[in-house]
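Below you'll find the structure, written out as structure tokens, and then a few comments.
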Amino acid sequence: MLDEYTTAFARYLRTGTVGALSDYCGENADPVRLRVYRNGFLRACVEALRAGYPSVERLVGEERFPVLARPYVEAHPPRVASLVEYGEDFPRFVEDARDTHRLDYLAAFATLDRAWSEVWFAEDADTPETDVPGGEAPHAWRTGPLHPDAPPVDSPHGRLALRTRPVSDAHPPEAIAPAGISGDAEALMNLRGRLVPRARLTSLRYRVLHAWIQLRQGKIGRRVEVRRAPQHILVWRSGADVLHRDLACPEHAFIAGVAAGRPCGEAAGAALDIDAEFDLVETFAVLLHHHLLAFDH
């Protein structure tokens, strides 16, 4: 009986249709009073989306955000009790809802917001970073804070300090083989790997990275300048920092190939087809240094 009631009540929260729930109401009960529970459910879901997609909310406006978010909640109710990671399909929904928000680039911001959340909450199932042999730990794609005084950002876990850092080209580390795997070049090129859970590779139709960082940190308002051109970004978490790399086309081709499970040599060939001068050794070394790849031994 309890399971049937719970199922009926959950269906009401998702759809707003009393239906089978009326069987559990008293003879003189007014079903309209149930709206307080459904409204609370919808509000909680919208607020979870607001927290998970801060740049989207700032672009459409605080008051208009529920107009965009509520149809998503009704079409995609949460499948688990926790709302911490709710909104997996929201970027695609934003892309399809262009007639509502009239911002063709909005889905690109939503995609980066989602990548940030996913890497932040991802499990640390991979090996923690270690120093690279050969003196001080050198970093190609060297990290450095964008804005050390960045304000905290709302998240499903409350107020989190936004520590998003860019990584630039400088001082490539030595190439090191994954633990337990031969450093032989041919063996490495035959490896099949994948990105670790705390890393996400995104491909966007608009170049929005700079504006996204500015929005997340409250540096700019709703007016942003973006250019319609492809942009590939690798986002990952290292400790309490979320790092990002604006990838060149051959870098993206190589990382995307490896992430798709293709042999490293095949992925390298795709990158070299784009740019014969592509520095495969440096890129591979950096991915290993930051422990962004996992391999099947």
Some residue of the stretch 58-66 being touching a residue at least 12 places away in the same chain (Cβ under 8 Å) and over 22 Å from I213 (Cα atoms): yes
Residue in the stretch 197-214 that is basic (K, R), out of contact with any helix residue (DSSP H, G or I) (no Cβ under 6 Å at 6 or more places or on another chain), within 21 Å of E95 (Cβ to Cβ) and buried (at least 17 other Cβ atoms within 10 Å of the Cβ) present: yes
Answer residue from the stretch 249-292, given it is touching a Ser or Thr at 6+ places or on another chain (Cβ under 9 Å) and either of a type in the set (S, T, N, Q) or outside any helix (DSSP H, G or I) (or both) and is farthest from M189 (Cα to Cα) among those: H290
Within the stretch 219-239, considering residues that are of a type in the set (A, V, I, L, M) and either assigned to a loop (DSSP other than H, G, I, E, B) or free of Cβ contacts under 8 Å to residues at least 24 places away in the same chain (or both), the one nearest to Y206 (Cα to Cα): A229
Tally, over the stretch 43-67, of residues that are hydrophobic (A, V, I, L, M, F, W, C) and in contact with a Ser or Thr (Cβ under 6 Å, 6 or more places away or on another chain): 1
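To keep it simple, each residue is scored yes or no on (1) surrounded by fewer than 21 Cβ atoms within 10 Å (Cβ to Cβ); (2) more than 15 Å from L201 (Cα to Cα); (3) free of Cβ contacts under 8 Å to residues at least 24 places away in the same chain.
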{"site": "D246", "(1), (2), (3)": "yes, no, no"}
{"site": "E251", "(1), (2), (3)": "no, no, no"}
{"site": "A259", "(1), (2), (3)": "yes, no, no"}
{"site": "P263", "(1), (2), (3)": "yes, yes, no"}
{"site": "G269", "(1), (2), (3)": "yes, yes, yes"}
{"site": "L272", "(1), (2), (3)": "yes, yes, yes"}
{"site": "A276", "(1), (2), (3)": "yes, yes, yes"}
{"site": "F284", "(1), (2), (3)": "no, yes, no"}
{"site": "F295", "(1), (2), (3)": "yes, yes, no"}
Test for V258: is it within 21 Å of the chain's Cα centre (by Cα), under 19 Å from R114 (Cα atoms) and among the aliphatic types (A, V, I, L, M): no
Unique match (being under 18 Å from the mean Cα position of the chain (by Cα) and modelled with pLDDT of 95 or more) among L49, L83, L68: L49
Residue within the stretch 80-100 that is within 29 Å of H291 (Cβ to Cβ), surrounded by fewer than 22 Cβ atoms within 10 Å (Cβ to Cβ), touching a Ser or Thr at 6+ places or on another chain (Cβ under 9 Å) and charged (D, E, K, R) present: yes
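The values are calculated or read from the model by the stated rules, or taken from the named source; none is laboratory data. All values reported here derive from a predicted model rather than from experimental measurement. Every residue, glycine as well, gets a Cβ built from its backbone with ideal geometry; the counts of neighbours run over all protein chains shown.
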